[in-house]
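First the structure, in the form of C-alpha coordinates, and then the observations on it.
The values are calculated or read from the model by the stated rules, or taken from the named source; none is laboratory data. From a predicted model like this one, the values you see are computed outputs, not experimental measurements. Cβ placement follows ideal geometry from the backbone for every residue including glycine, while neighbour counts extend to all protein chains displayed. Please note that ligands, DNA and RNA were not included when accessible areas were found on the heavy atoms of the full protein model with its side chains. Shrake-Rupley method; radii C 1.70, N 1.55, O 1.52, S 1.80 Å.
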Amino acid sequence: MTATQDRPTLQTTEEASNPQAVLQRYISDELLNGRVDVEVEDDLLGGGIIDSVAMMWLVTFIEETFQITVPLEDVTIHNFRTIQTIDAYLQRRKSDAAEH
(Lines give C-alpha, C1' and ligand atoms only; values in the text may rest on other atoms or scores of the structure.)
Protein backbone atom coordinates (compact mmCIF):
# COMPACT_ATOMS: atom_id res chain seq x y z
CA MET A 1 0.00 0.00 0.00
CA THR A 2 1.32 3.45 -0.88
CA ALA A 3 1.11 6.57 1.23
CA THR A 4 -1.37 8.16 -1.18
CA GLN A 5 -3.83 5.30 -0.65
CA ASP A 6 -3.94 6.17 3.06
CA ARG A 7 -4.63 9.84 2.46
CA PRO A 8 -8.10 11.33 2.40
CA THR A 9 -9.26 12.56 -0.97
CA LEU A 10 -11.88 15.09 -1.99
CA GLN A 11 -15.09 13.08 -1.85
CA THR A 12 -17.74 15.60 -2.77
CA THR A 13 -18.13 18.80 -4.72
CA GLU A 14 -18.86 20.54 -1.42
CA GLU A 15 -15.46 19.46 -0.06
CA ALA A 16 -13.74 20.50 -3.28
CA SER A 17 -15.32 23.95 -3.00
CA ASN A 18 -14.29 24.32 0.66
CA PRO A 19 -10.53 23.79 0.86
CA GLN A 20 -10.39 25.35 4.34
CA ALA A 21 -12.58 22.56 5.73
CA VAL A 22 -10.50 19.91 3.95
CA LEU A 23 -7.26 21.39 5.32
CA GLN A 24 -8.71 21.85 8.79
CA ARG A 25 -9.85 18.22 8.92
CA TYR A 26 -6.52 16.89 7.58
CA ILE A 27 -4.41 18.90 10.03
CA SER A 28 -6.61 18.06 13.02
CA ASP A 29 -7.25 14.41 12.22
CA GLU A 30 -4.08 13.29 10.48
CA LEU A 31 -1.22 15.55 11.53
CA LEU A 32 -2.42 16.04 15.12
CA ASN A 33 -4.09 12.62 15.50
CA GLY A 34 -7.36 14.23 16.58
CA ARG A 35 -5.75 15.73 19.72
CA VAL A 36 -6.37 19.35 18.68
CA ASP A 37 -9.13 21.01 16.68
CA VAL A 38 -7.40 23.60 14.53
CA GLU A 39 -9.20 26.81 13.64
CA VAL A 40 -8.72 28.44 10.24
CA GLU A 41 -7.00 31.49 11.78
CA ASP A 42 -4.60 29.56 14.07
CA ASP A 43 -0.88 30.26 13.47
CA LEU A 44 0.28 26.79 12.47
CA LEU A 45 4.06 27.25 12.75
CA GLY A 46 4.39 30.30 15.00
CA GLY A 47 1.85 28.84 17.41
CA GLY A 48 3.72 25.54 17.56
CA ILE A 49 0.71 23.62 16.23
CA ILE A 50 2.74 21.80 13.59
CA ASP A 51 6.48 21.44 13.07
CA SER A 52 8.55 21.52 9.89
CA VAL A 53 8.13 17.78 9.27
CA ALA A 54 4.35 18.08 9.56
CA MET A 55 4.52 21.06 7.19
CA MET A 56 6.16 18.84 4.57
CA TRP A 57 3.38 16.25 5.05
CA LEU A 58 0.87 19.08 4.64
CA VAL A 59 2.50 20.26 1.41
CA THR A 60 2.43 16.70 0.06
CA PHE A 61 -1.25 16.40 1.00
CA ILE A 62 -2.02 19.72 -0.71
CA GLU A 63 -0.23 18.66 -3.89
CA GLU A 64 -2.04 15.31 -4.03
CA THR A 65 -5.47 16.55 -2.97
CA PHE A 66 -5.64 19.76 -4.97
CA GLN A 67 -3.52 18.45 -7.85
CA ILE A 68 -1.02 21.28 -7.86
CA THR A 69 2.73 21.49 -7.48
CA VAL A 70 3.99 23.60 -4.62
CA PRO A 71 7.49 24.87 -5.42
CA LEU A 72 9.85 24.86 -2.45
CA GLU A 73 10.20 28.65 -2.66
CA ASP A 74 6.44 28.95 -2.07
CA VAL A 75 6.61 27.16 1.29
CA THR A 76 6.86 30.34 3.34
CA ILE A 77 5.23 31.81 6.42
CA HIS A 78 3.43 34.23 4.10
CA ASN A 79 1.72 31.34 2.25
CA PHE A 80 1.40 28.75 5.04
CA ARG A 81 0.91 30.61 8.34
CA THR A 82 -2.79 29.73 8.74
CA ILE A 83 -5.40 27.67 6.95
CA GLN A 84 -6.78 30.97 5.64
CA THR A 85 -3.42 31.94 4.09
CA ILE A 86 -3.05 28.45 2.61
CA ASP A 87 -6.50 28.80 1.05
CA ALA A 88 -5.53 32.22 -0.38
CA TYR A 89 -2.35 30.64 -1.78
CA LEU A 90 -4.39 27.85 -3.40
CA GLN A 91 -6.73 30.42 -4.96
CA ARG A 92 -3.75 32.35 -6.38
CA ARG A 93 -2.26 29.13 -7.79
CA LYS A 94 -5.58 28.23 -9.45
CA SER A 95 -5.81 31.75 -10.91
CA ASP A 96 -2.26 31.57 -12.24
CA ALA A 97 -2.91 28.14 -13.76
CA ALA A 98 -6.13 29.36 -15.43
CA GLU A 99 -4.30 32.28 -17.02
CA HIS A 100 -1.69 30.01 -18.65
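A few remarks follow.
- Per residue, the accessible area of segment 23-95 comes to 54 Å², computed with a 1.4 Å probe over protein heavy atoms only.
- Label-point separation in nm, Gln84 to Glu41, each point 7 Å along Cα→Cβ: 0.5
- Local electrostatic count, Glu99, Cβ distance below 14 Å [Lys/Arg +1, Asp/Glu -1]: +2
- Ligands, DNA and RNA left out, the 1.4 Å accessible surface of segment 33-100 is 51% carbon and sulfur atoms.
- Net charge contributed by nearby residues that have their C-beta within less than 10 Å of Thr85 (K/R +1, D/E -1): -2
- Taking all protein chains as shown and a probe of 1.4 angstrom, Glu39 keeps an accessible surface of around 80 Å².
- Across the options Ile86, Gly46, Phe66, the greatest Cα extent toward the positive end of the charge dipole of segment 39-100 (unit charges at beta carbon of Lys, Arg, Asp, Glu) belongs to Phe66.
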